[in-house]
Each structure stands twice: as structure tokens, then as C-alpha cells.
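Q: Quick one: structure below, then a few questions.
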Amino acid sequence: MKKQRTHPIMLVQFVWRFLFLLILPVLRGFWAAASGGSLSGWLSGAWMDLLSVFSIFALAFLQWWCLTYQATAEGLLVESGVFFRRSFQIPNRRVTTLAVVRPFYLKPFGAVYLRADTLAGGVERTDLTLTLSRKKAREILEERQENLCRGGWTERTLHPGKASIAFLSAALSSSLAGVVFFATFISQAGSLLGEEFSDRIYGTFERFTKAMAWGLPPATAALAYLLLFGWLFTFVRNLVRHIPFQVSRAKDALSIRGGCITDRVYSVRVRDINFVDIRQTVLARMLRLHSAFIHAVGYGKAKDDVSAVIPACRRPEMLRQLRMILPEFTLTPRQAKPNFGAWMRFVMDALWPCLLLPAATWALAAWFPSWRDFALFTGVMACVPAYWFLTVRLIDFATSGIGRTGDCYTLRYSSGYSLHTVVLPKSHVARILLRQSPIQMLDDRCDIKIYSTAENHRVHHIRNIDRKEAIAVLDIDWKDGEDKTR
């Protein structure tokens, strides 16, 4: 393929930040002229604005014209720069994830984002992002899929049901994330449309909470509805991000599709998948549902990316689907686990909030009688995540441990409010650390920290395992006092 330029819509991406700042003075000039001033008088005062706008458009055009790409058998070659030329190539063999993202605002123009990620890039930003026509991006993606699928592997495809996707969306939703989004939106809307607009939103919400308080104090009702609306917003956003959802496997290529407003297609090289993470929340465990995620460079990296490969299903179905699309990752039962006397190590840090929060709530209600209802409601709301976290730690104590089948570790532990079952190949282990406290030395127990390879190291922490059992299961040549780095 010869050198080509990106989609012309990229011109807007080059100028939009600066154009908005300069368009307002120009519009004011036109308004002044329309209100009775002469055109020559307006031009004499606005020529600097017009010259600035022209310069920005000219520079944006030069940046777009000088930005070229070339898809070769070796990789993507990109050249850019107006005054100082810059050329770099991303080899195909180093691309872990190639993604084509088609946001709703680019659909009328037939444009998409082509994203390529490698292990050498940054943690927060994609290594390469180009705005291309949908046809050209599809050609590059299909060429990659053909290269990864050589060898006659029959394609296997999963089509999860909508109920499974809905539960995954509910599990991934966060009230705090929704509240932060609404606060940012209202703040930005106030800056753009005036403070009167944001005041109207706040006033409407205040009137709604007063009308729907159902006997609760207004402040309590406002907090409850704010958390509810925040969670509902993130639930709907996660739902439209995943529906429809499809996962396909052929040879060394894993293809994931999802999204109804913004279409997303990911091509992930299977050999570059660091680990499979099967997650459960407390509610999911009560319903006996599991969700499987993969950790690969570039997959799930952006804020609104798809992140799962198996949304939510019962354990037998999850194992069947996992064997279908990722048979290399084998689950193993626990071969080493914490002893019964270690339960305090699991629950100690979670137990203190469960004791202190009710005491603080009672004290505030007694000292400030006028705020009693609000203090009780806030205290109860604060106790819910505290006791929820304690429940997670108790389940973690009963289920955590390690196992190994061949060259695959199975690690069971908790992190935050989630229970994790991680299937990690030995080839993706960067470091293994066995750590003992003075108390653990008495019965030769240890905490295991396994660092997996990625753009930044991911730490898997398993608590209070017998040290000799850990060394045997992990199959490592160990010396006392040494940590193992691979």
C-alpha cells in the first residue's frame, strides 16, 4: 500500500480547541455590523481575529497534509511534522491490540479511529491513533486478522445473551462515577451557556427531591437520588457500550465486537494476553454468576472501551466458553490455601470501619439532635460499603489460594470489592515475591506477590500461604530470603 493521508475530518480535530476561542469575537463583530455598523469599520477592528483564524486553518491543513501513513507487510509506517519531519514504524509482530472505534459523531462522515498498542507504549495513551475512512481501517484490520489466522484454525464465536450483558453492566456501574460525570457536565454547561442554565438544573433537581422525598429530610432524599441517578447513568452507558457483544477466536487472533452507539472492534493477539481474570462481586457470588476479562496491552485501555470477554454466566457455562475461545488458560483447583488461624489477617482492616462507623453515627445523632435523621441516614449509607467489604474479605479467606497446571498458575484473591480468579501463564510472570512478617515466621507462612508483565506491572497478592507449599506449587528454585525475578 502506498503512502496515504488520513481522513479530512482530522482537520477539525486539529483546530477545534483553538477555533472555539476565536469564533466568538468574530461573531460579535458580525453582530455589531448587522446592528448598524459598517462592514469596513468592523473589518478594521477585526482583521487580527480573521488573520488568527486563517493562520490556524492554514497550520491545521499543513499538519493534515504532512501526516501520512503506509500499511506494509512489516507494519504501519507513519510520517508527520510540518517544520520538523518525524517518521516512525510500529511492527506488526509487536502490535498486541489493533482496534477500530467508530463513534457516533464520526458516522456521518464515514470515519473511524484506528488504534494500535504495543508493550513499549505508555500506560494512559494509545501508542498510535489515526482517523481513517471506515473502508481503509477495515482493510488494515482484515489484513492483520488473516496474518494471525493462518494455519487452518476453525473460527469459534460466542454471542452472549442480553441478560448476561445487563448483569455485567450492573456489576461495572458506579454511583460515584455517574455523580462525577453529572457534576462535570453541569459545571462545563454553566461555563458555556451561563450560570443561569446550571442554576436551573440545580433548581429542578431540588424541586424534584422535595416532591419525591416520601417523608425523608430533603438533604437525605437529595443524596439518595443523586446516588441512584449516578448509578443508573453508568449502567445505561455500560449497557450501550457492550450491546451487541460478540467474541470470536481463530488461531492466534481473538476478535471482540461491541457497542450500539459507538461501534468497537478489537483484534487481540492471543499469545500476548497476560492473564485471564474471572471476577465476582458478592451479589454475583450469591447468584452464582462469573464474568471473565482479559488483560492485554491496549484492550480496555480507554475510558469507554469494552473490557470483558465473557459477560456473566454460571460456572459450567463460563468454563465451557473459556475452553472454546481461550483453551490455553486452564483453571486449577486450590493446591495451597490459608490456614484457619489466619482469618484475622483477612478481616482486621475491614473490621475497624464496621465498628467505628456505627459508634460515630450514634455520637453525631446524640450531639446534634436537629441533624439526627440526616446523621442516621448518612451513617447507614456509610456502613453499607463497610460491611460489604467485610463480607468480601470473609469470602476471600474461604476461597483464596494458588494452584498450577503445567505452565499456568491459578491465583485466587480479593482486591477492593471484587473476588478474582486469575489464570496466569508462567511466561508472563515478571517477578515472584514471598514476604514474611515476624508473626508469619513462627509457623512458616508467607504472603505471595506475583507481578505480571504489562505496560505497568500488575500485582497479584495472595495472603498467608504455607511457604514450602507455595514454593512447590509455583515450581521455583528458591533460596531463603530471596525473591524470584523472571
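Q: Can you compute 3J(HN,Hα) from phi for each residue in the range 412-421, using the Karplus curve 6.51 cos²θ - 1.76 cosθ + 1.60 with θ = phi - 60°, rounded to whole Hz and x for Gly and Pro?
A: The phi angles translate into 10, 6, 10, 9, x, 9, 10, 9, 10, 10 Hz.
Q: Cα-Cα over 21 Å: which of 337/449; 3/303; 136/303; 3/301; 301/337?
A: Check vs 21 Å cut-off fails for 3/303; 136/303; 3/301; 301/337.
Q: Right, something else. In percent, how large is the relative contact order of the range 263-377, given Cα pairs closer than 8 Å and 6 or more residues apart?
A: For the range 263-377, the relative contact order is 16 percent.
Q: Moving on. Percent of accessible area on the range 305-410 owned by carbon and sulfur, 1.4 Å probe?
A: Taking all protein chains in place, the range 305-410 shows 71 percent carbon and sulfur surface.
Q: Run the dipole for the range 220-315 about the Cα centre, Lys and Arg Cβ at +1, Asp and Glu Cβ at -1, nothing else charged, and hand back the magnitude in debye, nearest 20.
A: Its charge dipole is roughly 300 debye.
Q: Of 104, 389, which has the most accessible area and how do the rest follow, probe 1.4 Å?
A: The ranking, largest first, comes out as 104, 389.
Q: In addition: Which order do the peptides 64-71, 296-303 come out in when sorted by mean C-beta neighbours inside 10 angstrom, highest first?
A: 296-303, 64-71
The values are calculated or read from the model by the stated rules, or taken from the named source; none is laboratory data. Remember, predicted model here, so these are calculated numbers, not experimental data. Cβ: placed from backbone, ideal geometry, glycine included. Neighbour counts: every protein chain shown. Side chains included, ligands, DNA and RNA excluded: accessible areas come from the protein's heavy atoms. Shrake-Rupley method; radii C 1.70, N 1.55, O 1.52, S 1.80 Å.
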